[in-house]
Amino acid sequence: MAYETIDVRTEADKVGIVTLNRPKQLNALNEQLMNELGEALKAFDADERIGCIIVTGSEKAFAAGADIPAMAKYSFVDAYKGDYITRNWETIRSVRKPVIAAVSGYALGGGCELAMMCDFIIAADNAKFGQPEIKLGVIPGAGGTQRLPRAVGKAKAMDMALTGRMMDAQEAERASLVSRVVPLDKLMEEAIGAALLISSHSLIATMAAKESVNRAFESGLSDGVMFERRLFHALFATQDQKEGMDAFINKRPAAFANR
Ligand code: CAA
């Protein structure tokens, strides 16, 4: 499929890479881009060769937020009834394979929210995160007030949402918003390395791990632990568990068949 606002490629036939590509608007997220991103993610999720997906942007901007001119004239009825601004965002959460955000430059507003919807964030040392919606007379609308406090705690989330200030990559790593910070010119190498490693594991176990970690944010501890235990038990029905443990015992690399 031909896309206009994103580029799509694969690495080693194992990793799907989506690059946001509206450079003149610093990858501002309009309806077309969100539609295309959703389609590309669904296609990689369904592609049997792909074990992990990366979403990235340009050096200057991962994404500078929802497209401000596109929504500037919305009435409440437009926003609520059409749900233009936030529709399609949940597609990202429905992807069952791991999604890594490789962030350089600005990840602001919806851009920060998009990065947080991914499973983890690898940041370049020039990355800047923020929820500046308050400066536009609104608040985050794609999960920022909910995912940011879960990631960085209430104090920093309130600080970000109320002042609209940006957090640099080092602060974001200290606050656990991102899992790693690397030099800008090493960002894709690092993200692809992580994605290839993830792709080398059992896909079924990887999907179960993702589902179980995400459950930690949706349930209390005892429900979450029970959910994890049931998935753990279920993995003993897979050929990959037999292969992985046999490979360990016989001191050889595992060859997972994703069965
Ligand atoms: N929407 C549309 N266009 C945008 C944009 C956005 N969110 N952010 C930047 N652009 C455009 C600018 O209008 C400008 O276009 P022109 O050259 O045609 O004027 C171009 O990108 C370059 O931007 P700047 O000249 O402003 O670049 P800069 O380097 O001086 O500043 C910036 C960069 C700090 C990111 C600044 O552009 C900025 O503050 N952008 C807005 C960030 C923002 O408020 N995001 C939140 C949006 S609301 C939201 O996301 C709601 C939600 O939760 C879903």
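The values are calculated or read from the model by the stated rules, or taken from the named source; none is laboratory data. Quick caveat, the model's predicted, so the values are computed rather than measured. Note that we place each Cβ from the backbone using ideal geometry, even for glycine, and neighbour counts take in every protein chain shown. These accessible areas exclude ligands, DNA and RNA; they are computed on the full protein's heavy atoms, side chains included. Shrake-Rupley method; radii C 1.70, N 1.55, O 1.52, S 1.80 Å.
If you go through segment 11-63 and pick out every residue that is of a type in the set (Gly, Ala, Ser) and without any contact (Cβ under 8 Å) to a residue 40 or more places away in the chain, you end up with 3.
Is there a residue being closer than 21 Å to Arg180 by Cα, aromatic (Phe, Trp, Tyr), modelled with pLDDT of 95 or more and open to solvent by 10 Å² or more (accessible area, probe 1.4 Å) anywhere in segment 98-106?
We begin by selecting, within segment 98-106, every residue closer than 21 Å to Arg180 by Cα; these are 98-106.
Next, from what is left, pick out any that are aromatic (Phe, Trp, Tyr): 106.
Those left that are additionally modelled with pLDDT of 95 or more: 106.
Remaining after also requiring open to solvent by 10 Å² or more (accessible area, probe 1.4 Å): 106.
There is at least one residue in segment 98-106 that is closer than 21 Å to Arg180 by Cα, aromatic (Phe, Trp, Tyr), modelled with pLDDT of 95 or more and open to solvent by 10 Å² or more (accessible area, probe 1.4 Å).
When the test is whether a residue is of a type outside the set (A, V, I, L, M, F, W, C) and at pLDDT below 95, Arg93 passes it.
In this structure, is Asp67 within 11 Å of the ligand (Cβ to nearest atom) and either surrounded by 20 or more Cβ atoms within 10 Å (Cβ to Cβ) or over 23 Å from Lys210 (Cα atoms) (or both)?
Numbers: within 11 Å of the ligand (Cβ to nearest atom): yes; either surrounded by 20 or more Cβ atoms within 10 Å (Cβ to Cβ) or over 23 Å from Lys210 (Cα atoms) (or both): yes.
Criteria met by Asp67.
Being open to solvent by 70 Å² or more (accessible area, probe 1.4 Å) and under 12 Å from the mean Cα position of the chain (by Cα) is a condition met by no residue of segment 129-147.
With respect to the conditions (1) crowded, with 23+ Cβ neighbours inside 10 Å; (2) in contact with a Lys or Arg (Cβ under 7 Å, 6 or more places away or on another chain); (3) within 21 Å of Thr5 (Cβ to Cβ), Met117 falls short on a single one, namely (1).
For every residue, the table says whether it meets (1) open to solvent by 40 Å² or more (accessible area, probe 1.4 Å); (2) in a loop (DSSP other than H, G, I, E, B); (3) within 16 Å of the ligand (Cβ to nearest atom).
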residue: Thr10; (1), (2), (3): yes, no, no
residue: Gly16; (1), (2), (3): no, no, no
residue: Gly38; (1), (2), (3): no, no, yes
residue: Arg49; (1), (2), (3): yes, yes, no
residue: Glu59; (1), (2), (3): yes, yes, yes
residue: Val77; (1), (2), (3): yes, no, no
residue: Glu90; (1), (2), (3): yes, no, yes
residue: Arg93; (1), (2), (3): yes, no, yes
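Filtered by the rule that a residue be near the ligand (Cβ under 9 Å from one of its atoms) and either over 19 Å from Ala61 (Cα atoms) or in a loop (DSSP other than H, G, I, E, B) (or both), segment 96-134 gives Gly105, Gly109, Gln131. Any residue at all in segment 151-169 that is closer than 13 Å to Ile121 by Cβ, at pLDDT 95 or above, open to solvent by 50 Å² or more (accessible area, probe 1.4 Å) and in contact with a strand residue (DSSP E or B) (Cβ under 6 Å, 6 or more places away or on another chain)? No.
Let me confirm something: among Ile92, Ile68, which residue is assigned by the TED database to the domain that holds Glu173, within 17 Å of the chain's Cα centre (by Cα) and in contact (Cβ under 8 Å) with a residue 40 or more places away in the chain? Please lay out each step first, then the result.
Values: Ile68 fails: within 17 Å of the chain's Cα centre (by Cα).
Ile92 is the lone residue from the list that is assigned by the TED database to the domain that holds Glu173, within 17 Å of the chain's Cα centre (by Cα) and in contact (Cβ under 8 Å) with a residue 40 or more places away in the chain.
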